[in-house]
Amino acid sequence: MSQPTAPNKTTSIKTGGVTPDLVLNALSQAVLVLSHNDQVQFANLAAEHLFSLSSGAFARTPLTDLIPQDSPVFALIDQVRGGVSTVTEHRIVLDTPRTGQRTVNVQVSELLDGVADHGHKSVILSLQERSIADQIAHRLTHRDSARSMSAMSSMLAHEVKNPLSGIRGAAQLLEQGANDADRELTRLIQDESDRIKDLIERMELFSENAPLKTGPLNIHQVLDRVHKVAAHGFAKSVSFKKSYDPSLPPVLGHRDQLIQVFLNLVKNAAEAVAPHGGEIVLKTAYQHGISFAMPGQKGHVHLPLAITVQDNGPGIPDDLSEHLFDPFVTTKANGSGLGLAMVAKIVDDLGGVIDFETQSGRTSFRVLLPMSKDPVPEGQDV
Ligand SMILES: Nc1ncnc2c1ncn2[C@@H]1O[C@H](COP(=O)(O)OP(=O)(O)OP(=O)(O)O)[C@@H](O)[C@H]1O
Ligand SMILES: [Mg+2]
């Protein structure tokens, strides 16, 4: 948050022909100035591109035509008019006919122009589209989660599993001579030991460091399999929609691991939606131009295949977003918080990237994967 330190002093800088307009139009972030009654008074070039409007047309367009009325952007504007000088929020989804679907970081600041009508100050709204750089940063964070998980799971498996089977065996022995009340306790010890063993076995999957053997796959067959498992089991009451790009080239991946990735994402989506009216959309698309420079690797990795799992649940709580892919992060009474950590590890092993967007009523996880140059072998089905 920044406050001007000496508002009464004018600073004199030699501008050498540099005008404020020139500077504002050179910025990659969209900047709008809103008057006290939400009229757009100024829009820079990036804003013209973002909203597909010419600068003259902004004055005639109500703000609610640019940003949907229920968008969190309005709450930010209210906060600034309520006295906070600058507020920032990350990952706001804009989805309008003008902008298409984009995720932006938004900053709203008070404009010190001295015009305020019943507290309705003018404000500066700046919107920065989340960049590929953000996604790379996220990808690397997820890699760290996976790595720390791998070391910890080897240690746990080694140190805990043996004594645990000793404890379980001893409880079994005690059970033989125990009365009913004590038998209940020996059973409890065995059941809880089994639960810990299960958990450790799930974690052990993280320590498998052998490179995955990947090959060409039809991702739609993977998604159909996941859909079938979900619709007959944990997602019985959820309605599924599929929006597949039929011309999608084969993905370079690993069948079982990809099933595990999408099962986890669909399970989370099914657990997030309301018991009635829950909807999950499985979507695939080819995206040109997304490539990454990977640390330690030559050249660029091209990830053109985008697979999205979207739900109409309440969204991911803000305080969770930063650590969502870390192990043991859960809001569920019976959750282990390993689902997304596992997903991040597999996607990373496959050389892909995972990202998410969330707002109330729409949360989507998007997995970007490499494509295979070879065709899917004849007769391969999942
Ligand atoms: N689609 C979603 N909508 C809302 N919140 C979600 C969604 N997906 C994940 N989350 C949040 O992220 C947390 C972590 O998910 P993760 O899959 O890692 O663990 P979990 O589902 O709680 O437990 P487990 O997968 O081990 O059963 C969840 O507890 C939930 O709060
Ligand atoms: Mg889960």
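The values are calculated or read from the model by the stated rules, or taken from the named source; none is laboratory data. Keep in mind the model is a prediction, meaning the values are calculated, not measured. Quick reminder, even Gly has a Cβ in these numbers, built from the backbone with ideal geometry, and neighbours come from all protein chains shown.
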*Among the numbered criteria (1) more than 19 Å from the chain's Cα centre (by Cα); (2) at pLDDT below 90, which single criterion is violated by Asp349?*
(1)
*Residues that are out of contact with any strand residue (DSSP E or B) (no Cβ under 6 Å at 6 or more places or on another chain) and not hydroxyl-bearing (Ser, Thr, Tyr), drawn from the range 71-99*: Phe74, Ala75, Asp78, Gly82, Gly83, Val84, Pro97, Arg98
*What strands (runs of 3 or more DSSP E) lie completely within the range 240-293 and have 3 or more residues being more than 19 Å from the chain's Cα centre (by Cα) and away from ligand 2 (no atom under 16 Å from the Cβ)?*
251-253
*Please determine, by comparing only the residues of the range 309-348 that are surrounded by 19 or more Cβ atoms within 10 Å (Cβ to Cβ) and away from ligand 2 (no atom under 15 Å from the Cβ), which one is farthest from Ala270 (Cα to Cα).*
Asp348
_Leading residue by the ranking (modelled with the highest pLDDT) among those in the range 354-382 that are in contact with a Leu (Cβ under 6 Å, 6 or more places away or on another chain) and not in a loop (DSSP other than H, G, I, E, B)_ = Phe365
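One line per residue, one yes/no per condition, for (1) at pLDDT below 90; (2) closer than 15 Å to Arg98 by Cα; (3) not aliphatic (A, V, I, L, M):
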| position | (1), (2), (3) |
| --- | --- |
| Leu27 | yes, no, no |
| Leu34 | no, no, no |
| Asn37 | yes, no, yes |
| Gln41 | no, no, yes |
| Ala46 | no, yes, no |
| Ser55 | yes, yes, yes |
| Ala59 | yes, no, no |
| Leu66 | no, yes, no |
*asked:* Which count do you get for residues in the range 347-371 that are touching a strand residue (DSSP E or B) at 6+ places or on another chain (Cβ under 6 Å) and within 17 Å of Ile259 (Cβ to Cβ)?
replied: 7
*Within the range 224-239, which residues are over 21 Å from the mean Cα position of the chain (by Cα) and farther than 17 Å from Asn312 by Cα?*
Asp224, Arg225, Lys228, Val229, His232, Gly233
*Only residues that are within 7 Å of ligand 1 (Cβ to nearest atom), modelled with pLDDT under 90 and hydroxyl-bearing (Ser, Thr, Tyr): list them for the range 295-340, please.*
Ser336
*Any residue in the range 223-230 that is β-branched (Val, Ile, Thr), in contact with a Ser or Thr (Cβ under 9 Å, 6 or more places away or on another chain) and without any contact (Cβ under 8 Å) to a residue 60 or more places away in the chain?*
no
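Results for (1) closer than 15 Å to Val123 by Cα; (2) acidic (Asp, Glu), shown as yes or no for each residue.
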position	(1), (2)
Leu53	no, no
Ala57	no, no
Asp65	no, yes
Arg81	yes, no
Thr86	yes, no
Val93	no, no
